[in-house]
1. Are any residues in segment 19-49 in contact with a Ser or Thr (Cβ under 7 Å, 6 or more places away or on another chain) and at pLDDT 90 or above, and if so, which ones?
2. Out of segment 117-137, which residues are within 15 Å of ALA43 (Cβ to Cβ) and in a strand (DSSP E or B)?
3. Out of curiosity, is GLY156 at pLDDT 85 or above, assigned to a loop (DSSP other than H, G, I, E, B) and on the phi > 0 side of the Ramachandran plot?
4. Which one is modelled with the lowest pLDDT among residues in segment 52-78 that are within 26 Å of LEU97 (Cα to Cα) and out of contact with any helix residue (DSSP H, G or I) (no Cβ under 7 Å at 6 or more places or on another chain)?
5. Specify which of the listed residues (VAL179, VAL142) is surrounded by 13 or more Cβ atoms within 10 Å (Cβ to Cβ), touching a helix residue (DSSP H, G or I) at 6+ places or on another chain (Cβ under 6 Å) and at pLDDT 90 or above.
6. So the check is Cβ under 9 Å with 6+ separation or different chains; which pairs have a first residue in segment 92-106 that's part of a helix (DSSP H, G or I) and a second one that's polar (S, T, N, Q)?
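The values are calculated or read from the model by the stated rules, or taken from the named source; none is laboratory data. From a predicted model like this one, the values you see are computed outputs, not experimental measurements. All Cβ positions, glycine included, derive from the backbone under ideal geometry; neighbour counts span all protein chains shown.
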Amino acid sequence: MTSTDPPAVPPSAPAVPPLPPAVVPAGISVELPGPPHPPGILAACDGSDGSLWALDRAMTEAELFGLPLYVLAVVNPSPGGYPPGMAELVQESVERLTSSMADGLHRAVAAVERGRGRPFGGGISLHVVLGRVVEVLLAASVGQHTLVVGTRGNGGFSRLLLGSVSTAAVHHAACPVLVVPAPPARR
């Protein structure tokens with residue numbers, strides 16, 4: 001290749017317009033807990049039973065190792081992307097969805113603390129991020145001590161041993177992954 005040749009452009013999927021920014025309620029961060037933050041325990045939480053069991057274990061791990069706990073929920077309001085001009089029209093729906101997920105994170109933490117019979121004994125931050133679940137989770141795993149996920153989330157295929165998110169995490173996360181199964185009584 002000479003300096004006058006155009007750079008090679010790898011084939012890629014069609015461009016997807018970016019997701020619109022969302023208004024996030026107080027106490028929720030949209031930043032990914034990555035390298036600028038101290039390494040900690042990253043817990044994926046979608047509100048499913050599996051993610052609550054994973055959050056409980058993540059709290060135990062964070063307390064055991066004296067690490068911060070980052071609880072991450074990912075909102076993907078349009079898995080296929082938005083057609084041109086549509087992103088602006090769905091802004092209010094994205095804001096409602098993000099607010100609902102933020103409320104769900106607060107309720108998940110409270111429910112797990114009630115189940116444990118005590119509040120979490122460490123630093124915790126809640127994060128709601130717009131994007132594709134697996135991509136966001138893998139990016140957030142960079143620089144973390146451990147990523148904690150449930151065996152299955154809200155995907156609905158109960159016959160699977162691992163869901164697509166936990167499988168992707170096991171194979172591609174940038175840190176160790178702890179996959180938390182259902183308690184014996186729930187299997």
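1. Those that are in contact with a Ser or Thr (Cβ under 7 Å, 6 or more places away or on another chain) and at pLDDT 90 or above: ILE41, LEU42, ALA44, CYS45.
2. Hits for segment 117-137 are ILE124, SER125, LEU126, HIS127, VAL128, VAL129.
3. It is false that GLY156 is at pLDDT 85 or above, assigned to a loop (DSSP other than H, G, I, E, B) and on the phi > 0 side of the Ramachandran plot.
4. Checking each candidate, the answer is SER78.
5. VAL179
6. Between residues of segment 92-106 that are part of a helix (DSSP H, G or I) and residues that are polar (S, T, N, Q), the close pairs are VAL94/SER78.
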